[in-house]
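Taking it in order: structure first as structure tokens, then the write-up.
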Amino acid sequence: MLAHATPTTIAVRVRGLSDRAIAWLFITPTIALLLAINIFPLIWAVYLSFTNFRANRPYAEVDGVGLRNYQRVLNDPDIWIAMQTTAHFVFWTILLQTVIGFALAYLIDRKFRGHAFWTTVILIPMMLSPAVVGNFWRFLYQPQIGLFNYIVSFFTGIPPSSFEMLGSVSLAPWAIIIVDTWMWTPYVMLICLAGLRSIPDYIYEAAEVDRASAWRQFWSITVPMALPFIMLAVLFRGIENFKMFDMVMLLTGGGPGSTTEVASITLKREAFESWLTGRSSAFAIILFVAVFGLANIYVKALNKVKQR
Amino acid sequence: MSSVNTTAHSVVEPTPTVKRIAGTIVILYALVTMIPLAWIFLTSIKSPPDSISYPPKVVFTPTLEGFCNLFTTRTRQTPDYIQSLPAPTSTCDEITRNRNMVIAGPSNYWPRFGNSLVIAFGSTFLAVSLGTFAAYGFSRFRVPLADDLLFFILSTRMMPPIAVAIPIYLMYRQFGLSDTALGMILLYTAVNVSLAVWLLKGFIDEIPREYEEAAMIDGYTRLQAFWKVVLPQATTGIAATAIFCLIFAWNEYAFAVLLTSGSAQTAPPFIPTIIGEGGQDWPAVAAGTTIFLVPILVFTIILRKQLLRGITFGAVRK
């Protein structure tokens, strides 16, 4: 009897719940929770984005305003500046983190003595809370007493109180880029390391036999083979930094002026300080569609690279 | 790089010089990144004047003043009044008196830290349980639209937290969930469950189906097979997933600052609000930060081997 019992017939024959019932029993709670806490609010936000509702006046009459919120958001120069600031952050943080992260991964992959231990040490910043650590960085950046200014002046001779990382229009964005790079380079490094370790040794051995130079091996084997992983790291960091909020909030709060006001900060101000709930919902939807669209296009490109 | 050599080990093995150079650069980088963390710890055991002296002090007399200030609220008093009080009964009392202050009561740090513990562990438990079931469901059964559902689950993470926070704020206000631990647990569970499903699906996919089939031939039901065969096999994966959910919930700030104000506030929004006389009391902030970071530091060191899978979201697997 057992001889011709394929898995499916066993599954049908066993007592208790059918597989179909178990599948739904197992999956439904998760889907239900996501519907309740993610999708329902999202749909609500879509609805609100077409109204003039303000959350601080819950009993005021709510009117539909059609597409006016979207129109206003898209025509608001401040919001475009915030988008530009966000793009600026995303660009520089990704560039720095990818270059440093890949370089570190490449060096760690040389498997020097103690590399496992030092890899763990390097990983620590990314496990910490951006808000809690970001708050402390504000102390490190103090022009009069901060360690950062002291170290910079120690090596460059620039007087420490002559530059203010968080208070100056030109330096404040870099203050945030530095902290973000400090925190998240390990993340990129780890993914790159996974990529480098996935390259089989025999390819290098073949290249050695062909007398390919180290430089040639790096550009013809290492980089292309690790590229899908690097791109994946860029995708994850891109999505995360597009949403960047906690670190900016704690370091500069969007200031000085609005030089570091990224999209999330503008959104927070509109939604929870100006209480323009309808308008900020429209902005939120636009942001979501932008990330979602960009991520989708990017994933297509990533898949193409993977299939090569 | 060296030409083809004739020794026993692989030709791609880096030379000792290359290794030494690589090691030096990596170690230098690691030491530089550790400076801010070392400074947090050093500041936590400094006195307030030492913490803001310039040039920054590396050599100083350690004191527990920061920790004492972290755990208490204090009021300034005249030296005469302090003279009239009975002798200080604790070290903390003594430190406080030296600054012409008396302890007015305990600070909010421990309750906030407690909230962090309850919310982080509560949501991790829920997210991992739900995630394990869902991952098993997706891994073993033919679910209609499985790929779409999985992508939907992942896409819920692309939304900026502030964007979802607006309707959640309204919804929670409606249902009386705002500023409650339950509300935060549900929210973090929802955010984490997508990660949990993706990670755990990867782990469960790797457990051969034959194990369950063998158990079912022995007379186990599907549920028993899941419970007695699959779960024990997936323990490592479940543990790794739990760590990631825990780290997220422990570190989260945006939702916490918008949706909690008092009784359910967690430590991340609370620590930046620790102020002393004239601005932030940096030794106390550093003390609070140190205590807050210790659990995560310990986890990182213990579980470093499991980190990779979790960080790459399981997506790096072939």
*Quick check: is even one residue across region B:59-76 within 12 Å of chain A (Cβ to nearest Cβ) and surrounded by 15 or more Cβ atoms within 10 Å (Cβ to Cβ)?*
no
_Quick check on region B:128-140. Is at least one of its residues open to solvent by less than 20 Å² (accessible area, probe 1.4 Å), farther than 30 Å from A:A290 by Cα, modelled with pLDDT of 85 or more and in contact with an Asp or Glu (Cβ under 7 Å, 6 or more places away or on another chain)?_
yes
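Would you check if there is a residue in region B:42-51 being modelled with pLDDT of 85 or more and either hydrophobic (A, V, I, L, M, F, W, C) or closer than 22 Å to A:R197 by Cβ (or both)?
yes
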*asked:* Suppose the filter is on the phi > 0 side of the Ramachandran plot, surrounded by fewer than 21 Cβ atoms within 10 Å (Cβ to Cβ) and more than 18 Å from the chain's Cα centre (by Cα); does B:D179 pass it?
replied: yes
*Give, as residue ranges, the helices (runs of 4 or more DSSP H) completely inside region A:149-246 that count at least 1 residues that are in contact with a Leu (Cβ under 9 Å, 6 or more places away or on another chain) and among the small types (G, A, S).*
A:172-197, A:223-242
*Just one of (1) within 20 Å of B:V128 (Cβ to Cβ); (2) assigned to a helix (DSSP H, G or I) trips up B:E212, so point out which.*
(1)
*asked:* Just the residues that are open to solvent by less than 10 Å² (accessible area, probe 1.4 Å) and either within 9 Å of chain A (Cβ to nearest Cβ) or touching a Lys or Arg at 6+ places or on another chain (Cβ under 6 Å) (or both), please, taken from region B:270-292.
replied: B:I271, B:P283, B:V285, B:A286, B:G288, B:T289, B:F292
*In region A:104-120, how many residues are more than 14 Å from B:E13 (Cα to Cα) and of a type in the set (A, V, I, L, M, F, W, C)?*
5
_Single residue of B:V18, B:V12 found to be within 7 Å of chain A (Cβ to nearest Cβ), among the β-branched types (V, I, T), more than 33 Å from the chain's Cα centre (by Cα) and not in a helix (DSSP H, G or I)_ = B:V12
_Extreme residue, farthest from the other protein chains (Cβ to nearest Cβ), among residues of region A:21-52 that are of a type in the set (S, T, N, Q) and part of a helix (DSSP H, G or I)_ = A:T28
*Of the residues that make up region B:210-230, is at least one more than 23 Å from B:I162 (Cβ to Cβ), more than 10 Å from chain A (Cβ to nearest Cβ) and in contact (Cβ under 8 Å) with a residue 40 or more places away in the chain?*
yes
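I'd like to verify a number: residues in region A:53-99 that are among the aliphatic types (A, V, I, L, M), over 21 Å from A:A290 (Cβ atoms) and open to solvent by 40 Å² or more (accessible area, probe 1.4 Å), how many?
If we filter region A:53-99 for residues that are among the aliphatic types (A, V, I, L, M), which is where we start, we get A:55, A:60, A:62, A:65, A:67, A:73-74, A:79, A:81-83, A:87, A:90, A:94-96, A:99.
Next cut, over 21 Å from A:A290 (Cβ atoms) only: A:55, A:60, A:62, A:65, A:96, A:99.
Narrowing further to those that are open to solvent by 40 Å² or more (accessible area, probe 1.4 Å): A:60, A:62, A:96, A:99.
Qualifying residue count for the region: 4.
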*So, in region A:1-30, of the ones that are closer than 20 Å to B:L195 by Cα and buried (at least 19 other Cβ atoms within 10 Å of the Cβ), which residue ends up modelled with the lowest pLDDT?*
A:A23
*over 30 Å from B:I271 (Cβ atoms), within 12 Å of chain B (Cβ to nearest Cβ) and at pLDDT below 90: does that describe A:A212?*
yes
*If you go through region A:266-286 one residue at a time, how many are open to solvent by 10 Å² or more (accessible area, probe 1.4 Å), at negative phi and more than 7 Å from every other protein chain (Cβ to nearest Cβ)?*
8
*Output the number of residues of region B:154-178 satisfying the condition of being under 19 Å from B:L246 (Cα atoms) and either of a type in the set (S, T, Y) or part of a helix (DSSP H, G or I) (or both).*
3
*Examine region B:234-241 for a residue that is in contact with a helix residue (DSSP H, G or I) (Cβ under 9 Å, 6 or more places away or on another chain) and within 11 Å of chain A (Cβ to nearest Cβ), and state whether such a residue exists.*
no
*asked:* Here are the criteria: (1) in a helix (DSSP H, G or I); (2) open to solvent by less than 20 Å² (accessible area, probe 1.4 Å); (3) of a type in the set (S, T, Y). Tell me which single one A:Y298 does not satisfy.
replied: (2)
*Quick check: is even one residue across region A:160-183 within 8 Å of chain B (Cβ to nearest Cβ), open to solvent by less than 30 Å² (accessible area, probe 1.4 Å) and at pLDDT 95 or above?*
yes
*A:S280 passes all but one of (1) closer than 30 Å to A:S49 by Cβ; (2) touching a residue at least 24 places away in the same chain (Cβ under 8 Å); (3) in a helix (DSSP H, G or I); which number fails?*
(2)
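The values are calculated or read from the model by the stated rules, or taken from the named source; none is laboratory data. The shown structure was predicted, so the numbers you read here are calculated from the model rather than taken from an experiment. No Cβ is skipped: glycine too gets one built from the backbone with ideal geometry, and neighbour counts run over all protein chains shown. Heads up: the accessible areas ignore ligands, DNA and RNA and are worked out on the full protein's heavy atoms, side chains in. Shrake-Rupley method; radii C 1.70, N 1.55, O 1.52, S 1.80 Å.
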